[in-house]
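Read the figures in this text as sums done on the coordinates, not as results from a lab. Just so you know, these numbers come straight off a predicted model, no measurement behind them. For neighbour counting, all protein chains shown are included, and Cβ atoms are generated from backbone atoms with ideal geometry for every residue, glycine included.
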Amino acid sequence: MSDALPSFEDTTDFDNADRGFLGALVPGVVTASDGRVVWDNDAYDFLKAECPDTAHPSLWRQGQLSARQGLYEVTDGIYQVRGLDISNMTLVEGERGVIVIDPLISVETAAAALALYKEHRGDRPVTGVIYTHSHGDHFGGVRGVLPHGTEEGVPILAPAGFLEHAVSENVYAGTAMTRRASYMYGVGLPKAPDGQIGVGLGQGTSTGTISLIPPTVDITETGQQETVDGVRIVFQLTPGTEAPSEMNFLFPDHRALCLAENATHNMHNVLTLRGAVVRDSRIWAHYLDEAIEYFNGRYDVAFASHHWPTWGHDDVVRFLTQQRDLYAYLHDQTLRLLNEGFTGVEIAERIELPPALEKAWHARGYYGSLNHNSKAVYQRYLGWYDGNPAHLWEHPPVELARRYVDVAGGPAEALAKARAYAEGGDPRFAATLLNHVVFADPGNEEAKQALAGVYETLGYGSENATWRNFYLRGAQELRQGVTGEMVDMTNPEMAMALTVPMLIDSIAIAIDGPRAWDEDLTIDLVMLDGVADAGERHRLTLHNGALTHRVVAEPRTPAGLTLALGKVQLLGLLAGKGVQELGIEAEGDPALLSRLFSYVTRPDARFPIVTP
C-alpha cells in the first residue's frame, strides 16, 4: 500500500465538520431504560490529543473528524445530528413538523438525537420518515422517533425491495457475520489510543434496542417525486451499490442533495470484512455518474448518512466525480490485471490510485481499502480459486499448519524464525508463520503471545480502521480467549418482516444434514394470514439430509402432517413452543414436527477465529 498521504495542512474537512454547529448532547452518553450505556461518544475525547505511536496519523485524523458530536445546520430547514451513532440522523423541517432521514441503529440513540434537535429547534412532531437504504444503522432506531408506529398516518418512504433486504441478511449468514462484525467494529476493545479509535465510517455502533416499522411508500423509479409535509423530494434509485436497496434524493426547494451511503468521506467497502455478498463497483460508479448528471445544477450542498456535508455546487461535483472515478478505477484496473493473469492477492499488491485520488482525503481507505476491495472485485468475477492447481485441494488450516511447522524444524525453530522476520521489518510473514504455530498447537502460549504482539504492530500501523480492529481484536482473543457478548441485530419486529420462505430457509440451513441422511418426511404449512402468504400451502420435505420447500396449490399426495397457522404461531414454533400451546390446527402425525426439529442445530456465535 502507498505511503503517500494528502496534506495535513488542508483543514477543509475540519471546517466542514464544524460548520453549522448548534449544540452538543452533554454528556455525550446515551443509556437504556435499565441504565445500561448504549452509546458513549465522550469515550473518544482522547482523540483531541496529538496522534501517538499506536495509531496511523491519517486514521487518527479521521477519528477526530468522526468523533464530533452534536446538532448541525446543513442549510436553512435541514439539520443533522452527528456523533450519536455510527450513522447520521438528518431532519428536514416541513409545514407542520419534521421529516426524519435514517433514524440510527437504536431506539435510544434516535430518541436522544430527536430530543437534541427539539432542544434547539422546538418541539415539532415527526411528520415523515425516510430510510435511505436497507442496512440496520439507517432504520433500527425508528421507534425512537415514532414510538407508536404509523398509527397517526406518518408516511415512511424507502427504496423498492427495502423490507426484504433489511431482514434477509440475518437469515442466512447472520451468526457468522455477527461474530466477524465484533472484530470489524472492535467490540470489546478499550476505546483508547492503543485500542479502538473508530471504524472509519463513524466511531462505532450503538448497542440499544433495535426496531423496524415497515415502509408505507415505496420508491420504485428514478424521477419519482413525493411531497411530505409540504416538502418536495425527487428520488434516484441506486440498487446494488452500497446496499441492494438504496436511493439518493434531492430537496429541490432547499437545493440540497442526499447521497445516502453512496458517497462518503472515505473509500467504502466493495466487500465488508464481516462478510457479505460482493458489491458491484461498476454499478456503483454508474449511479454516481448518473447522480452528477441527473441532479446537476440543482444543489448547493450534498450530505450523506455518514460524515459531514460538502458545500458549493462545484465542490460537490468535484467530490462526486472523484468518488465515481474511485470505484470505476478500482473495478476496471482489477479487471485489466485479472485478464493479464494476475491473481487477487497479486493485484492487491500492484494496484495503485492515480495521484488526484491518492491525495483526496475522502478517497482514503478508512473503511474499505484498495487492497481488500480489489480482491473483492476479483472474487466477484472469478471466485475463490486463482487457477493454480497447488491451491485447488489444500489441507485445512490445522493440518496445513502442522506440516509447515514440521518443515520449519518444529515449533521452537518456527517461533524463532517468526521473531526474526518481525524484528527484520516483515510483520506480515511473521504473522503467517506464527499463525501456523498456533494452529498446529493452540496450547503454545509463547506462540500466542508472540502472534498477539505482531498483530498489535500491524494494527497500530493500519490506516484502515477495520483492519486495525481485526488485528487488535485478534491480539485480544489470543491473550484472553473469546470474551464479551455478541451484538444481536434481530428482534420480533424484524422477525415478523421475514417472509414464510425465509423462515423455512432459517430451518433448512440449521439442519444437521448427516444426522438426517435417512430421514424422509413431509409437513404442510397452511398460512392463515400475511399480505403475501395468506392461503398459501408450503410443503416442507426433509430427504437426504436436505430440507426443501415449495408452494403447492393442490397437493397430489397428502403430507404426513398439516398445520394451519399464522405468522406469529410459526415464529412461536421456531422459538420452541408446542403446537397445542400455540393453538395450531394439526392434521396427521404430530411426531413429525418433533422429528424435524430434532435435527435443527443452534449455532454458537462465539466460535474461535484466531485459534482452531
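Numbers for the structure displayed
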{"read-out": "In order through the stretch 588-599: 3J(HN,Hα) via Karplus (6.51 cos²θ - 1.76 cosθ + 1.60), integer Hz, x for Gly, Pro", "value": "x, 8, x, 5, 4, 5, 5, 5, 4, 6, 5, 9"}
{"read-out": "Sparse-neighbour loop sites [chymotrypsin sites (Phe, Trp or Tyr not before Pro); the stretch 355-397; at most 15 other C-beta within 10 Å; DSSP]", "value": "384, 385, 393"}
{"read-out": "Loop GluC sites (Glu not before Pro), the stretch 275-350 (other Cβ atoms within 10 Å of the site Cβ: 14 or fewer; DSSP)", "value": "340"}
{"read-out": "The stretch 346-353 - phi-based ³J(HN,Hα) in whole Hz, Karplus 6.51/-1.76/1.60, Gly and Pro as x", "value": "5, 4, 4, 7, 9, 5, 9, 7"}
{"read-out": "Filtered GluC sites (Glu not before Pro), the stretch 117-152: DSSP coil and at most 13 other beta carbons within 10 Å", "value": "151, 152"}
{"read-out": "Segment residue 508-residue 53, length gained on full extension (0.36 nm per residue, minus Cα span)", "value": "158.9 nm"}
{"read-out": "Per-residue HN-Hα couplings for the stretch 9-20 [Karplus 6.51, -1.76, 1.60; θ = phi - 60°; Hz; x = Gly/Pro]", "value": "6, 7, 9, 4, 4, 5, 5, 5, 5, 8, 4, x"}
{"read-out": "Helical contribution to [θ] at 222 nm, DSSP H n ≥ 4, -39,500 (n - 2.57), averaged over the chain, rounded to 500", "value": "-11000 deg cm²/dmol"}
{"read-out": "Proximal lysines to residue 118, defined as alpha-carbon separation beneath 27 angstrom and excluding residues fewer than eight positions away on the same chain", "value": "none"}
{"read-out": "Amide proton proximity set for residue 247, modelled H, under 5 Å, gap of 5+", "value": "238"}
{"read-out": "Whole-angstrom gap from the stretch 38-64 to the stretch 395-418, using each part's C-alpha centre", "value": "38 Å"}
{"read-out": "Part-to-part distance (alpha-carbon centres) for the stretch 115-184 and the stretch 247-299, which is given in Å", "value": "19 Å"}
{"read-out": "Cα shape, the stretch 212-331, gyration tensor, a/c 1.5 rule", "value": "oblate"}
{"read-out": "For residue 99, residues with placed amide H under 5 Å, excluding near neighbours", "value": "92, 93, 94, 127"}
{"read-out": "Under 13 Å from the residue 332 label point (7 Å along Cα→beta-carbon), backbone N, the stretch 351-383", "value": "354"}
{"read-out": "In nm, spacing of pseudo-spin labels at residue 314 and residue 420 (7 Å Cα→C-beta vector)", "value": "6.0 nm"}
{"read-out": "Packing-based exposure ordering (other Cβ within 10 Å, fewest first) of 21, 139", "value": "21, 139"}
{"read-out": "At R0 = 25 Å, FRET efficiency that the Cβ-Cβ distance of residue 5 and residue 350 yields, to 0.05", "value": "0.80"}
{"read-out": "Pairwise label distance in nanometres, residue 176 with residue 40, each label 7 Å out on the Cα-Cβ vector", "value": "3.3 nm"}
{"read-out": "Option label - mean projected area of the Cα convex hull in nm² computed here, alternatives (i) 32.7; (ii) 30.0; (iii) 40.9", "value": "(ii)"}
{"read-out": "C-alpha center-to-center spacing [the stretch 306-364, the stretch 499-519] in angstrom", "value": "42 Å"}
{"read-out": "Gained length - residue 496 relative to residue 96, 0.36 nm times residue gap less alpha-carbon distance", "value": "140.8 nm"}
{"read-out": "Nonlocal amide H pairs with residue 232, under 5 Å, H built at 1.01 Å", "value": "253"}
{"read-out": "Furthest towards positive pole of dipole, 471, 355, 30, structure part the chain, Cβ charges", "value": "471"}
